[in-house]
Amino acid sequence: MDGARAVVAAELSIAGTGYPDLVVVQTDGSVTVVECKLHTNSEIRRHVVGQILASASALSESSATQFVTAWRATTRTDLVAAITTRAAQVGDGDDPAAFLDSLNATLAEGRLRLVIAVDQVTVELRRIVELLNRASGSDLDVVCMEFEYVADGDVEIVIPRTYGIAAVERNAARRAQHNEAGFRAVAQERCSGALADAVDRLLSHAREHPAFRGCTWGVGAQPSASPSFALANGTVVQPWTFYLATDDRHGLAVNFDWIHYHGQKATEAATARFAAALRPLPGLAAEVDEAAANGWRRRPTILAEPLFRAPDAVAVISSAIDDVVAHASG
């Protein structure tokens, strides 16, 4: 973690889980959650593990919009402004849209680092950390830090030790930065011919669109595709993300939250038109209704195979994107 690229919140309010001691966000959109406990008994040690996992679970179901709102409520500061200032200072660029896209991906994929800080690491706690790193795959990193206090007369020393770094480094080695060629190869291998063709047509629509601003291909165990479009009002959105799975449960996420973003991107009316156009497609009616009821703060993922069995699915999605891109302010 690079302190020059980070901002920190103490006791960030995460709905339903309480207040983690520290949450650290970096300019690349990565998120670290820290829980601190004094060593007293085994029950406290087990409690801190459950507490930090609950925070991670809640964050993985949050959007960047919800996260930024919680940050402002806790710190009375604007996370996006703070991060873009840091990014400009260290030469990382200062694109708020790019940061929000990265933060959204971090949260959606559960790509978090969890740090448990204690004054004494027991064998039991070390085993728990090692198990979590083995069992959680490459997207969740768990580290335990021990701070031993030693005093000799007027001399006071804190000796830090870290456990779990070896597993985190193994996870990092497995964590892939995917590209288009890799995404397309995996899609051809794992998807049915009809689904692979539908995804290819959606990507072609994006690439040929005059407002196309590039595509990200995922960071994690499996590749994904998230094309970006510049709206007529100058903001940039990623209206959909296609997630490849190891089985046949590939999914298309409809990113209502990223499109609307409190009305700072597409207006309520434009977002509602986009949603209404998609609502007749298989699996989307209930998701559209829930998103509308929650101020568009939702990114539902729909099983792709049944969705794209609808012969007009690609055309409907493409047309809805054309409309919201051209008429985001209307």
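Per-structure values
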read-out: Highest-fluctuation residue, ALA285, ALA135, ALA221 considered, GNM on the chain with Cα pairs under 10 Å; value: ALA135
read-out: Gaussian network model of the chain, springs between alpha carbon atoms under 10 Å - residue of VAL90, VAL25, VAL68 with greatest fluctuation; value: VAL90
read-out: Gain in span if fully extended, GLU130 to ASN294, counting 0.36 nm per residue against the direct Cα distance; value: 55.2 nm
read-out: Sorted by Cβ density within 10 Å, fewest first, the residues HIS47, HIS250, HIS205; value: HIS47, HIS205, HIS250
read-out: Net charge dipole size for the chain [Lys, Arg +1 and Asp, Glu -1 on Cβ; Debye, nearest 20]; value: 460 debye
read-out: Lys/Arg +1, Asp/Glu -1 at C-beta; the range 3-174 dipole; positive extreme among THR32, VAL80, SER62; value: SER62
read-out: Virtual spin-label span in nm between ALA88 and ARG309, 7 Å along Cα→Cβ; value: 5.2 nm
read-out: Most mobile of GLY295, GLY251, GLY153 in a GNM of the chain (Cα contacts under 10 Å); value: GLY153
read-out: FRET E, pair GLN120, ASP95, Förster distance 45 Å, beta-carbon r, rounded to 0.05; value: 0.55
read-out: Packing-based exposure ordering (other Cβ within 10 Å, fewest first) of ILE165, ILE157; value: ILE157, ILE165
read-out: Förster radius 35 Å - calculated FRET efficiency between ALA245 and ARG213 (Cβ-Cβ, nearest 0.05); value: 0.85
read-out: CD proxy at 222 nm, helix term only [per DSSP H run n ≥ 4: -39500 (n - 2.57); per residue of the chain; nearest 500]; value: -14000 deg cm²/dmol
read-out: Per-pair calculated FRET efficiency, R0 = 25 Å: SER318 and ALA269 via Cβ, rounded to 0.05; value: 0.80
read-out: Summed residue charge, Cβ within 14 Å of ARG161's Cβ, Lys/Arg positive, Asp/Glu negative; value: -2
read-out: Sorted by Cβ density within 10 Å, fewest first, the residues LYS37, LYS265; value: LYS37, LYS265
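Where a number appears in this text, it was derived from the coordinates with a stated rule and is not lab data. These figures come from a predicted structure and were not determined experimentally. All Cβ positions, glycine included, derive from the backbone under ideal geometry; neighbour counts span all protein chains shown.
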